[in-house]
Amino acid sequence: MMNKIQFTVLAILLIVGILSNQSTTYLLKAQDSGLQPLCAYNMYQRAGMLWPPLHLNSEFKKRITEFKLFKDVYGSSAEITAYFKLDAPEQDIRSFIMQLEDTPGISSVRYVRRDEALESYKQLHNDDPLLLENISSEAIPESLEIELDKRSFAESIGEILKNNSLVEEVLFKDYYKSDCSDI
C-alpha cells in the first residue's frame, strides 16, 4: 500500500512521463509499486480534469484509452484461489469441483495439481537456489483457480469454499480495484 506522499510523487511522475512521452516507464513503475490499473485510470482522469491541456497530448489519450479498455474488460471480474489441505483425497476434491462448476456466478474452475504448482513455484523462484533447494511437490497443496462472472459473487463463493472441510485457505485476487481508497 502506498501512503499519500508516495501517491502524490507517483501522480507527478505520471504527469511528467506523459509530457515527456515516457509514461510507459512510469506506468510500469506505478504497477510495480502496487498501483491498481483501475486506480491508475482514475488518476489519469483526475489529472486530465486538473490540467485540461493534457487531453491534447497523444500519449495521454493513448494511455487513458488503454486504461478504459482494461476497465471495461476486467473491471467486473474476479478470481478466487482455494488451497486444499495436504491430506485432501483427490476423489473428494473432484466431487467438490463438480459441485462448484454448477454454482451460479462461477465462470470457470481450474484444478492445479501439486506437480504443476511445483513447476510454477520453480519458475517463479528460479533465481533463488535457496528457495528451490528442499522443496518438493508433497509440501505444496493442490488448489483451484476459480474465475467469477462478477466480483459481487466473491463473498458468497468465498464462504462456500471456506466452509468446505477440504479447503485450507481461500484467497481473493482483487487486481481490478476501481478506486484508490487504500492509497
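The values are calculated or read from the model by the stated rules, or taken from the named source; none is laboratory data. As the structure is a prediction and not an experimental result, all values here were calculated from the model. Every residue, glycine among them, receives a Cβ derived from its backbone with ideal geometry; neighbour counts consider all protein chains shown.
Remarks
- Against the test of being closer than 20 Å to P89 by Cβ and of a type in the set (D, E, K, R), the options E119, E168, E147, E133 yield a single qualifying residue, E168.
- Candidates S143, S136, S181, filtered to the one that is of a type in the set (G, A, S) and either on the phi > 0 side of the Ramachandran plot or modelled with pLDDT of 85 or more (or both): S143
- Tally of residues being surrounded by 12 or more Cβ atoms within 10 Å (Cβ to Cβ), of a type outside the set (A, V, I, L, M) and more than 22 Å from the chain's Cα centre (by Cα) across the range 72-94: 2
- Tabulated pairs, the range 115-141, first touching a residue at least 60 places away in the same chain (Cβ under 8 Å), second surrounded by 10 or more Cβ atoms within 10 Å (Cβ to Cβ), C-beta under 8 angstrom, 6+ apart or interchain: none
- Scan of the range 121-167 for residues that are surrounded by 10 or more Cβ atoms within 10 Å (Cβ to Cβ), part of a loop (DSSP other than H, G, I, E, B) and charged (D, E, K, R), ordered by number: E142, D149, K150
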